[in-house]
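Working notes, beginning with the structure itself.
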Amino acid sequence: MTPIEHTPEQDWFKSSRSANNAACVEVRLTGGVVAVRDSKDLGGPILAFSGPAWSGFVATLQADPS
């Protein structure tokens, strides 16, 4: 797998449900990989997930009744 590199800000996005308190993550779709980073530490580590792994994670979040 190719390492995820830091790129210009326009590549990253937050959920439309994100609050303006900066306590959220940003996501970038690149080459079949979903990259995730902390919105408070833009130069910090980036996690990388396969498309199916990310889809499963989001589905689990959406199914949580709390």
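Structural remarks
- Restricting the stretch 31-58 to residues that are within 15 Å of S15 (Cα to Cα) and part of a helix (DSSP H, G or I), the residue that is modelled with the lowest pLDDT: V58
- Each residue in the stretch 20-49 was checked for being out of contact with any strand residue (DSSP E or B) (no Cβ under 7 Å at 6 or more places or on another chain) and either acidic (D, E) or touching a residue at least 12 places away in the same chain (Cβ under 8 Å) (or both), and 10 of them qualify.
- Tallying residues that are in a strand (DSSP E or B) and not polar (S, T, N, Q) within the stretch 21-30 yields 5.
The values are calculated or read from the model by the stated rules, or taken from the named source; none is laboratory data. Note that the structure is predicted; figures quoted are calculated from it, not measured. FYI the Cβ positions are ideal-geometry reconstructions off the backbone, even for glycines, and counts take in every protein chain you see.
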